[in-house]
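Read-outs: derived from the displayed coordinates by stated rules, not from any lab. These numbers were taken from a predicted model, which means no experiment stands behind them. Note that we place each Cβ from the backbone using ideal geometry, even for glycine, and neighbour counts take in every protein chain shown.
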Amino acid sequence: MRFSVFALLGAAFLSFSSVGAYASQAPLTVDSDLVILLKNMSPTAIYYPVQIDGNIAEFFAVRAPDNTIRVVVNACQACGPVGFLQERENFTCRACGQKFHVSTLERRRGGCNPIPVGDQNKKMTADSIILEKDFLRQVTTSRYAKRNL
């Protein structure tokens, strides 16, 4: 029984993952703050699935050409929680095909854009970016959530 429950959760999780050829997937963060380690950041996005109170959303973080770390909800403001695939320095909306250069992430709002996390929702330390559980709960219960378990 235990195996089948984990197999079903794994299958559900994989069904919404947006990891493309130029990205990697972090482990699922469950009911806690999301910690993004700066030492892991590169021009290759890392996708961070988060589950809070049974609701799942996904974020991604990437190092932009100006050396800043951009963190966004992996959902389109216009198309919803379909997510974005990375293709070198561009991210493509899985619903409408609109492309965004990495340098525009967290800089544009509205329309078909990845949803910016914003400085007010990020806690910076010397070696990490932390998205606190209360903020994650807001996203996982919004229309940008990937799946409700």
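What to note about this one:
- Here the calculated FRET efficiency for Leu28 and Arg94, from their Cβ-Cβ distance with R0 = 22 Å, stands at 0.65, rounded to the nearest 0.05.
- The 3J(HN,Hα) values that the Karplus relation (6.51, -1.76, 1.60; θ = phi - 60°) gives for segment 83-98 are, in residue order, x, 10, 9, 8, 10, 6, 8, 10, 10, 10, 5, 5, 8, 10, x, 4 Hz. Gly and Pro appear as x.
- Distance histogram in 10 Å bins (all Cα pairs of segment 21-136, percent per bin): 14, 50, 33, 3
- Ignoring aspartates and glutamates fewer than eight residues from Lys99 along the same chain, the ones with Cα atoms less than 20 angstrom from its Cα are Glu58, Asp66, Glu87, Glu89.
- Distance (nanometres) between label positions extended 7 Å along Cα→Cβ at Lys123 and Asn67: 2.7
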